[in-house]
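Visitor: For reference, the structure I am asking about is given below.
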Amino acid sequence: MNELLELTDEIADRELAPIADQYEREARFPRDQFGVLGRAGLLGLPYPQDWGGAQVGYEDYLQVLERLAQRWLTVGLGVSVHTLSCHALATAGTDAQRDRWLPDMLGGDLLGAYCLSEPQSGSDAAGLQTAAVRDADGYVLNGTKAWITHGGIADFYTVMTRTAPDRTAGITAFLVPGDAPGLSAATPERKMGMRGSVTAQVILDGVKVGEDRRLGEEGSGFRIALDALDSGRLGIAASAVGLAQAALNVAVQYSTQREQFGKAIATFQGVSFTLADMATGIAAGRALYLDAARRRDAGEPFSTQAAMAKLFCTDMAMSVTTSAVQVLGGAGYVEDFPVERYMREAKVLQIVEGTNEIQRLVIGRALTG
């Protein structure tokens, strides 16, 4: 494990940290850097070695995500989304499907996107309307997916569609190539933060796919989607901890160097207590996501723990990054320091892969039956 984290730190410090600020200012997507991660084996960590993965447990994989997000959230979250996009094929695909597509997906040659949300069905995932209708050659897909990370630049899309009227039992998953005729993307969203990460609507207009592109049986897509989201929420939690750690690092460095009234501001109780609270929240979040990961690795139920980790870690990241701006004062509000970017980026983590209100709903239902 130490060797894996050392490799991650080395690549992140060399390939990610030096360009993160510039790429975010210019809204440039770091596609080449994903290729570097793929060649290093970091895009297929939790998947089987038979198809090019590293067969690493989630406890280790999530710590890699945290290290990547600490240098650049766009990349840490992007790796989490790519892993999420591979999940349906890896867990519900046939061996023939996995043999055909999974090695390139895990090796970094192909970048993925996960298509569940739609303009009118975000938190209500079962309300999706994108339809897959059978024809003589397979299926024809029509509909619009919204808020898709890597939308328009992905090489493949894991797409949840409706194949029957039933809300949950009528949903089916497909693996759609990025260059399929009829598939296009809208203009990328102009976002508050994470501008280096492309987010766009994905439009499916008469997209034809063969039956070999269906993942699992008809009607199994909702179960596949929720299973993937449980794991994906842990990826968001780990990324949130990484972002918060980055903010704390800047705040500590600045406060030990910045002097007021003849001494470093870190010596003042108002600042030191803030730093202590930030560090404690980060440690608690890390422990929470690692506990859920260990449950997953042991084959135990972890859905509730994943929701708790996503909820706590992302709320914590929002609090910690806001506190970092406060510690830096006026310097925290300008682009000379990255904490203003961290604060803008933290907000989206409370929304993606199930809003934190949805996480509270999941946790509450688990408590009350």
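Visitor: Please report the relative contact order for the range 30-70, taking Cα pairs under 8 Å with a sequence separation of at least 6, and give it as a percent rounded to a whole number.
Guide: Working: 28 pairs, mean separation 9.3, N = 41.
Relative CO of the range 30-70 lands at 23 percent.
Visitor: Using only Cα atoms, tell me the angle between helix 356-368 and the longest principal axis of the chain; keep it within 0 to 90° and round to the nearest 10.
Guide: 80
Visitor: Also, quick follow-up: Each label point is 7 Å from the Cα along the Cα-to-Cβ direction; what then is the distance between the points at Arg344 and Arg25, in nm?
Guide: Each label point lies 7 Å from its Cα, and together they span 1.2 nm.
Visitor: So how far apart, in nm, are the two label points at Arg100 and Phe273 if each is 7 Å from Cα heading toward Cβ?
Guide: Distance between label points: 6.3 nm.
Visitor: Under a GNM of the chain (C-alpha, springs under 10 Å), which listed residue has the highest mean-square fluctuation: Thr158, Thr256, Thr304?
Guide: Taking springs between Cα atoms under 10 Å, the residue moving most is Thr256.
Visitor: Reachable lysines from Lys347, Cα under 28 Å, same-chain residues fewer than 8 places away excluded?
Guide: Lys145, Lys191, Lys310
Visitor: Using just the helices of the chain, give the 222 nm mean residue ellipticity in deg cm²/dmol: DSSP H runs with n ≥ 4 each add -39,500 (n - 2.57), and the total is spread over all residues, rounded to 500. Please report the intermediate quantities before stating the final value.
Guide: On the way: 11 runs with 189 residues, N = 369.
That calculation yields -17000 deg cm²/dmol at 222 nm.
Visitor: Something else: Tell me the trypsin sites (Lys or Arg not before Pro) within the range 143-215 that lie in a loop according to DSSP and have at most 12 other beta-carbon atoms within 10 Å.
Guide: Numbers: sites: Lys145, Arg162, Arg167, Arg190, Lys191, Arg195, Lys208, Arg213, Arg214; in loops: Arg167, Arg190, Lys191, Arg195.
Answer in residue order: Arg190.
Visitor: Oh, and also: Exactly which GluC sites (Glu not before Pro) in the range 159-252 are in a DSSP loop and have at most 12 other Cβ atoms within 10 Å? Spell out each step's value before the answer.
Guide: Values: sites: Glu189, Glu211, Glu217, Glu218; in loops: Glu189, Glu217, Glu218.
Those that pass, being in a loop and sparsely packed, are Glu217.
Visitor: Another question about this same structure. Go ahead and collect, in residue order, the members of the range 199-220 whose backbone nitrogen is under 11 Å from a label point 7 Å along the Cα-Cβ direction of Asn142.
Guide: 205-207
Visitor: Tell me the GluC sites (Glu not before Pro) within the range 310-368 that lie in a loop according to DSSP and have at most 16 other beta-carbon atoms within 10 Å. It would help to have the intermediate numbers written out before the result.
Guide: Numbers: sites: Glu335, Glu340, Glu345, Glu353, Glu357; in loops: Glu335, Glu353.
Sparse-neighbourhood loop GluC sites (Glu not before Pro): Glu335.
Visitor: Decide, for the range 213-369, between rounded, prolate and oblate: order the square roots of the alpha carbon gyration tensor eigenvalues as a ≥ b ≥ c, take rounded if a/c falls under 1.5, and otherwise choose prolate if a/b is larger than b/c, else oblate.
Guide: Numbers: a/c = 3.12, a/b = 2.37, b/c = 1.31.
Note, shape of the range 213-369 comes out prolate.
Visitor: Would you mind calculating the relative contact order of the range 81-152 from Cα pairs under 8 angstrom and at least 6 residues apart, reporting the percent as a whole number? Intermediate values should be presented prior to the final figure.
Guide: On the way: 76 pairs, mean separation 20.2, N = 72.
Over the range 81-152, the number comes to 28 percent.
Visitor: While we're here: Once you order the gyration tensor axes a ≥ b ≥ c over the Cα atoms, which shape class does the chain get: rounded for a/c under 1.5, otherwise prolate or oblate by comparing a/b with b/c?
Guide: Numbers: a/c = 1.86, a/b = 1.77, b/c = 1.05.
Verdict is prolate for the chain.
Visitor: For Leu5 and Asp179, what does the FRET efficiency come to when R0 = 45 Å and r is the distance between their Cβ atoms, rounded to the nearest 0.05? Could the numbers behind the result be given before it?
Guide: Details: r = 36 Å, r/R0 = 0.80.
Between Leu5 and Asp179 the formula returns 0.80.
Visitor: Report relative contact order for the chain in percent, whole number only (criteria: Cα-Cα under 8 Å, sequence separation at least 6). Numbers along the way, then the final one.
Guide: Numbers: 702 pairs, mean separation 59.5, N = 369.
Reported relative contact order: 16 percent.
Visitor: While we're looking at this one, here's another question. How much net charge surrounds Gly127 when only the other residues with a Cβ under 11 Å from the Cβ of Gly127 are counted, with Lys and Arg +1 and Asp and Glu -1? Numbers along the way, then the final one.
Guide: On the way: positive: Arg162, Arg167; negative: Glu118, Asp124.
Result for the neighbourhood of Gly127: 0.
Visitor: Can you tell me which of Gly281, Gly108, Gly170 moves the most in a GNM of the chain? Springs connect C-alpha atoms under 10 Å apart.
Guide: Gly170
Visitor: Using the Cα centre of the chain as the reference point, and only Cβ charges (+1 on K/R, -1 on D/E), how large is the resulting charge dipole? Debye, rounded to the nearest 20. Don't skip to the answer; put the middle values down first.
Guide: On the way: 33 positive and 45 negative charges, 175 e Å.
With Lys and Arg at +1 and Asp and Glu at -1, about 840 debye.
Visitor: Between beta-carbons, use under 14 Å as the cut-off and find the net charge around Leu89, counting Lys and Arg +1, Asp and Glu -1. It would help to have the intermediate numbers written out before the result.
Guide: Numbers: positive: Arg98, Arg100, Arg213, Arg214; negative: Asp50, Asp95, Asp99, Asp104, Asp155, Asp212, Asp227.
Spelling it out: positives minus negatives among the neighbours equals -3.
Visitor: Report, to the nearest 10°, how far helix 2-11 tilts away from the longest principal axis of the Cα atoms in the chain, using its own Cα long axis and a range of 0 to 90°.
Guide: Computed tilt is about 80 degrees.
Visitor: Could you check which residue among Leu288, Leu234, Leu73 shows the biggest mean-square fluctuation in a GNM of the chain with a 10 Å Cα cutoff?
Guide: Maximum among the listed residues: Leu288.
Visitor: Rounding to the nearest 10 and keeping the result within 0 to 90°, find how far the Cα-based axis of helix 95-107 lies from the longest principal axis of the chain.
Guide: Taking the Cα atoms of the chain, the angle to 95-107 is about 30 degrees.
Visitor: Classify the range 25-153 as rounded, prolate or oblate, taking a ≥ b ≥ c as the square roots of the eigenvalues of its Cα gyration tensor: rounded when a/c is under 1.5, otherwise prolate if a/b is larger than b/c and oblate if not. Please report the intermediate quantities before stating the final value.
Guide: Working: a/c = 1.91, a/b = 1.28, b/c = 1.48.
Taking the square roots of the gyration eigenvalues as a ≥ b ≥ c, the range 25-153 is oblate.
All of the numbers you see were taken from the coordinates with simple rules; none came from a lab. It should be emphasised that the depicted structure is a prediction, and the values quoted were computed from it without experimental measurement. Here the Cβ is made from the backbone with ideal geometry for all residues, glycine too, and neighbour counts use every protein chain on show.
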